[in-house]
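The values are calculated or read from the model by the stated rules, or taken from the named source; none is laboratory data. Here the structure is a predicted model, which is why all the values come from computation and not from measurement. Quick reminder, even Gly has a Cβ in these numbers, built from the backbone with ideal geometry, and neighbours come from all protein chains shown. What goes into the accessible areas is simple: the full protein's heavy atoms, side chains included, and nothing from ligands, DNA or RNA. Shrake-Rupley method; radii C 1.70, N 1.55, O 1.52, S 1.80 Å.
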Amino acid sequence: MRARFPLYAKILGWFFLNLLVLIFVFLLLVNAQFRFDLGWVFATAARERVNAMRDLVVSELNNTPPDEWDGVLDSFSDAYKFQLALFDENGERLIGAADPLPPEVRLRVIQSVTEKDHNVEAFLRTTNPSRYWLLVSADPDNIQAGGPMHVVLVAEANSVTAGGLIVDLRLWWQLALGSALFSVIFWLPLLRGMTRSIGQMTDATKQIAEGRFDVRVPANRSDELGLLAEAINQMGLRLDGFVKGQNRFLGDVAHELCSPLSRLQMALGIIEQRADSRQKLYAALAIEKASQISELVNQLLTFSKASFGGPTIHIQPVPLLPAVEEAIQLEKTDSAVIDSIIPADIIVSADPELLIRALSNLLRNAIRYGAESGPIRILAARRPDHILITVTDSGPGVPEAELPKIFDAFYRVDASRNRQTGGSGLGLAIVKSCVDSCNGSIIAENRFPHGLAIHVTLPAAVLDTPQAPLQPLAAES
C-alpha cells in the first residue's frame with residue numbers, strides 16, 4: 001500500500017509554497033516602495049535621504065564663500081563616507097575632489113542637460129574599478145556660479161549602500177528576519193503534525209515493548225507516517241493475538257493436567273502407605289516430584305489468569321497494609337527477616353487476589369536470593385497520582401543487561417539453573433501479569449553495593465465504604 005500523499009511531496013510542496021508566498025510579498029513590497037522609472041531603483045526612504053542631503057549641501061554652500069566650497073564638500077564626503085563633487089552641464093567638475101567622470105556617467109549628466117531634466121536622479125555602476133555613482137540635480141537658483149546653469153551633484157561610492165544613503169541595510173535585515181519568522185510560523189503546523197505523530201508512535205512502541213499490546217496509534221494521516229501508524233496498530237494486534245494464544249494454550253494444558261496430577265498424587269499416597277521401608281524412600285521421592293509438577297501447574301494457571309484479565313478481574317479500592325501483612329504471613333520463613341513500612345491510610349486500586357499474589361511472589365523471590373544476606377524490606381509511598389511499592393533485598397542482584405528480561409515468562413538469569421537454584425522462571429512473570437492487570441507498572445534496579453529493588457506502581461484510590469477482610473490465597477501446590 002502506497003501513501004496517497006508521500007511525505008517528500010508534502011515537504012517539497014510546502015517548501016515551494018513558502019517560497020512563492022515570500023516572492024509574492026517581496027514583489028508587493030517592491031511595487032509599493034520602489035519606482036522603476038529611473039536608472040536604478042530608489043526607495044521612497046532613499047529618495048528622502050538623498051534630497052535631504054542635497055538640500056543640506058546646497059544650503060551650506062549658499063552660506064559659505066565660494067573659495068571655501070571645496071572644504072564644505074570635503075566635510076560632507078567625510079561624513080557620508082563617499083566623495084562629493086559638483087559638475088556642470090558639460091560634465092566638467094566645478095567643485096570637489098571626485099575622480100573624472102567615466103564616460104557613461106558623464107553622458108548621463110549631459111543628457112540631463114539636453115533633456116532639461118532638472119529633477120535628475122540616477123544611480124549607476126561602473127567597472128574597472130567597481131564604483132557606484134549617485135547623480136542628483138542641484139537648484140541653480142541657490143548656487144551663484146557665474147549665472148544660471150544646470151548643476152549636478154555627484155557622489156562617488158565604493159559600495160552599493162553608498163554609506164547608507166541609497167540602501168539601508170537595516171531594512172534588509174528587518175526583511176530577512178521577517179521572512180525567517182514567517183517561514184517558522186508557516187512550517188510550524190507541518191512540522192508539529194509530523195513530530196506529534198512520531199511522538200505518538202514512539203510512545204506506542206514503548207508500551208508494546210512493555211507488553212501492552214492493546215495500545216493504538218491514530219492513523220488519520222495519508223502519508224508514510226499514516227502507513228507506519230497502521231503498521232504499528234497491526235503489529236500490536238497480531239502480537240496481542242500471539243501472546244494471548246500462547247497464554248491460553250498454557251492455561252489449557254495446565255487445566256488439563258490438574259485432574260491427572262490429583263489422581264497421581266492420591267495413588268502415590270496410597271503406594272507410600274502400603275510400601276515397605278525400602279520402597280517408601282522411592283515413593284516419597286515420587287511424591288515430591290509430583291508436588292513440584294503440581295506447583296508448576298498452579299503457577300501456569302495463575303499466570304494465565306493474570307494475563308487474560310477480563311471478567312475475572314475485579315478492580316476496587318484495596319487497603320495496602322492488610323494485603324502486605326497477608327503476603328508476609330504466606331511467605332515468611334524462620335531464616336528470613338521481613339521489615340514492612342506501610343502507612344495505614346494508603347489505598348490502591350487493584351484486584352485484591354492479584355495484589356496479594358504479586359506481593360507474595362516478590363517476597364518469595366527476595367527470600368530465595370537475599371534472605372541470608374540481610375533483611376528484606378517492603379515500603380510504600382504516596383505520589384501525586386499513584387502509589388509506589390518497593391521490595392528490596394541484599395542479595396547478589398542481577399546483571400544490568402538482564403534487568404529488562406527478568407519479568408519474561410520462563411526466563412532465568414542463569415540458564416543453567418534448575419528448580420532448586422533458579423525456580424521455574426514464572427514467579428516475576430506472574431508478578432508483572434498481576435500488576436499489568438491492575439493497571440500498574442513494574443521495574444527493577446540494582447542496589448548499591450549489592451541487592452535488588454523492585455518498584456511497583458499502582459493507581460491510588462479512595463476507600464469510600466468499609467471493605468470486607470481480605471480472603472487468604474488458596475495454596476498453589
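Computed quantities for the displayed model
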item	result
Accessible area (Å², 1.4 Å probe, nearest 10) - HIS455	30 Å²
Potential lengthening between ASN158 and ARG106 on full extension [0.36 nm per residue; Cα-Cα distance subtracted]	16.9 nm
Net charge of Cβ neighbours under 15 Å - reference TYR282; Lys, Arg +1; Asp, Glu -1	+1
Exposure ranking of ASP334, ASP214, ASP339 by accessible area [1.4 Å probe, largest first]	ASP334, ASP214, ASP339
Full-extension gain in nm, GLU210 to GLU445, via 0.36 nm per residue minus C-alpha separation	83.0 nm
List ILE287, ILE430, ILE185, ILE270, ordered by accessible area with a 1.4 Å probe, largest first	ILE185, ILE270, ILE287, ILE430
Where labels lie 7 Å past Cα in the beta-carbon direction, separation of LEU19 and ASP385 in nm	4.5 nm
ASP67 accessible area, assembled protein chains, probe 1.4 Å, Å²	130 Å²
1.4 Å probe accessible area per residue over the range 292-389, in Å²	44 Å²
Residue-level accessible surface for THR333, protein heavy atoms, 1.4 Å, Å²	60 Å²
Separation of the CYS258 and ALA401 label points, Cα + 7 Å toward Cβ, nm	4.1 nm
Size of charge dipole - the range 272-352 - debye, nearest 20, with Cβ of Lys, Arg +1 and Asp, Glu -1, no other charges	500 debye
Heavy-atom accessible area ranking, 1.4 Å probe, most first, across TRP173, TRP187, TRP14	TRP173, TRP14, TRP187
Chain lengthening between GLU92 and ASN128 when straightened (0.36 nm per residue, less Cα-Cα)	10.8 nm
